[in-house]
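The values are calculated or read from the model by the stated rules, or taken from the named source; none is laboratory data. Here the structure is a predicted model, which means the values were calculated and not measured. Because the Cβ atoms are built from the backbone with ideal geometry, glycine has one as well, and the counts that use them run over all protein chains shown.
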Amino acid sequence: MILADKITNLRKKNGWSQEELAEKMQVSRQAVSKWEGAQTVPDLDKVLMLSQLFGVTTDYLLKDEIEEETFTDDADQAPVKRISLALANEFLEWRKQAANRIAGATFLCIVSIIPTCLLSAATELPGCPISENLAEGISLVTLLILIAPAVAIFLSCGFKNAPYEWIEKEPFDTEYGVDGMVREKQKTYRTVYMQCNIIATCLCILSAIPLIIGGYMEQEFMSVILLSVTLLLAGMGVVLFIIAGVRWASMQKLLKEGDYAPQDLQDQKKSRIKKNIGKAYWLTATAIYLGWSLPGNWGFTWIVWPIAGLLFGVVMCLCNLILDNRQ
């Protein structure tokens, strides 16, 4: 009877109705009504959830006497959210769809430069009916036609992913059966994940072959065609990396493994800084590549990428040393 009174008092003190408490506890309203009517007693898991939800100790809830609330150290913190089996399946299914959409949008961005390169080189051919001004106009229109849907897909994925962002940013617990389900899916997908990464790596390495051959071609138009093949192969590799990586990361998020393993605040801050530096680095490398290549230097500007790859390792090492020293 005392437990029932304590649940009722705490609920009213927080200004919650029975329906609101039932939603937060992930039970029916009838279950809450029975707890408060002393018809049933919540099991141990629910008592622990009540303790976290109200910010009181379990001793206070379970003692057979009315006393002043004994608050836990984290009473001022929001209760930890719990991921149900249905929510976990919904999240994994959405990330599977998002992986395909993001990969497709990224591929459009990569190949969007191909029409510009081909038209620019075509105007240099003898007897070409397209003037340079017309080629530039068509190139710009084609570029926008390819980039616009890619940006739309990125924005759409961002909006649709918003309800699940808390899974990465906030602490959470999983209900019974969630870990087992996710691990089973991860075990099933592991072979596909490994194969996608191997094929993607090979495609990215082999994509340099047409570019190298094009560097020795005397005819500029053939060099540009081979450059287009390089972009297509690299784009296919990136697509496989994204599809495999996004799905694998979604499972790691739910299991709190890999990059999503629990970290202290210092490690989280360090990880965010390194990610931002990495993004800025590769955006700068891309800008340098395009700025150097667009005047017509496609034959040898590929050297930007291996140099950028080597320097990236140096930048990350220096970043780690500076951050560790500051800590």
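Across segment 238-255, which residue is nearest to the chain's Cα centre (by Cα) among those that are small (G, A, S) and crowded, with 21+ Cβ neighbours inside 10 Å?
Among those residues, the one meeting the criterion is S250.
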For residues in segment 119-135 being touching a residue at least 12 places away in the same chain (Cβ under 8 Å) and surrounded by 13 or more Cβ atoms within 10 Å (Cβ to Cβ), which is farthest from M222 (Cα to Cα)? A135
Helices (runs of 4 or more DSSP H) (entirely within segment 71-185) containing at least 3 residues that are touching a helix residue (DSSP H, G or I) at 6+ places or on another chain (Cβ under 6 Å): 85-111, 113-122, 132-161
On the given criteria, is R82 out of contact with any Asp or Glu (no Cβ under 9 Å at 6 or more places or on another chain) and at pLDDT 80 or above? no
For segment 5-20, which residues satisfy the criterion of being closer than 21 Å to K63 by Cβ and out of contact with any Phe, Trp or Tyr (no Cβ under 6 Å at 6 or more places or on another chain)? D5, K6, T8, N9, R11, K12, K13, N14
Quick check, is E23 in a helix (DSSP H, G or I), at pLDDT below 80 and within 24 Å of Y176 (Cα to Cα)? yes
Kindly evaluate I167 against the criterion of being assigned by TED's automatic domain parsing to the domain that holds R95, farther than 25 Å from Q219 by Cβ and surrounded by 15 or more Cβ atoms within 10 Å (Cβ to Cβ). yes
Looking at (1) at pLDDT below 80; (2) surrounded by 19 or more Cβ atoms within 10 Å (Cβ to Cβ), which is the one condition that is false for Q77? (2)
Show the residue pairs meeting these rules: Cβ distance below 6 Å; 6+ apart or different chains; first residue within segment 13-27 and surrounded by fewer than 14 Cβ atoms within 10 Å (Cβ to Cβ); second residue assigned to a helix (DSSP H, G or I). E19/R29
